[in-house]
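The values are calculated or read from the model by the stated rules, or taken from the named source; none is laboratory data. Note that this is a predicted model, so its numbers are computed, not measured. Every residue, glycine as well, gets a Cβ built from its backbone with ideal geometry; the counts of neighbours run over all protein chains shown. Side chains included, ligands, DNA and RNA excluded: accessible areas come from the protein's heavy atoms. Shrake-Rupley method; radii C 1.70, N 1.55, O 1.52, S 1.80 Å.
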Amino acid sequence: MSAPGAPRREVVTGVPRAARPARGGHGPAQPGPAVDTLALRSLMRRQLKLGLRAFALLAVLLGPLPLAFTALPDPAARPGSALAVWAVLGVAVYPALVVIGRWYVVRAERNERDTADRAGGARR
């Protein structure tokens, strides 16, 4: 035993941390295949253009709705005008959103598939 007041001595019996393999036992992660930078930039540019087109389509179709609603007569004078506003907002808007959303997703997947096909053909 050591003398009182002397620091306690520690005994290390394990392997140093730097020499231990990472948990999981697979070793260092291997990077995937190199992505063609030009193809990736082209894909990003096409996806940006597609997103801007979808946004513009939404703005053109749904943006004028508030102006159209202000052109309707006052709901206090004609009770049916409030029903028309709710019918347009509750029924007519959602199919337009679904159609535009579906169009966007199909086009985005087509862009990605085309880019993957080009990258696969270039590697062969």
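Scanning the range 37-74 for residues that are touching a helix residue (DSSP H, G or I) at 6+ places or on another chain (Cβ under 6 Å), free of Cβ contacts under 8 Å to residues at least 40 places away in the same chain and open to solvent by less than 70 Å² (accessible area, probe 1.4 Å) yields Phe69, Leu72, Pro73. Within the option set Arg118, Arg107, being assigned to a helix (DSSP H, G or I), touching a residue at least 40 places away in the same chain (Cβ under 8 Å), within 20 Å of Leu40 (Cβ to Cβ) and open to solvent by 100 Å² or more (accessible area, probe 1.4 Å) holds for one residue only, Arg118. Residues that are charged (D, E, K, R) and exposed (fewer than 12 other Cβ atoms within 10 Å of the Cβ): does the range 77-85 have at least one? No, the range 77-85 contains no residue that is charged (D, E, K, R) and exposed (fewer than 12 other Cβ atoms within 10 Å of the Cβ).
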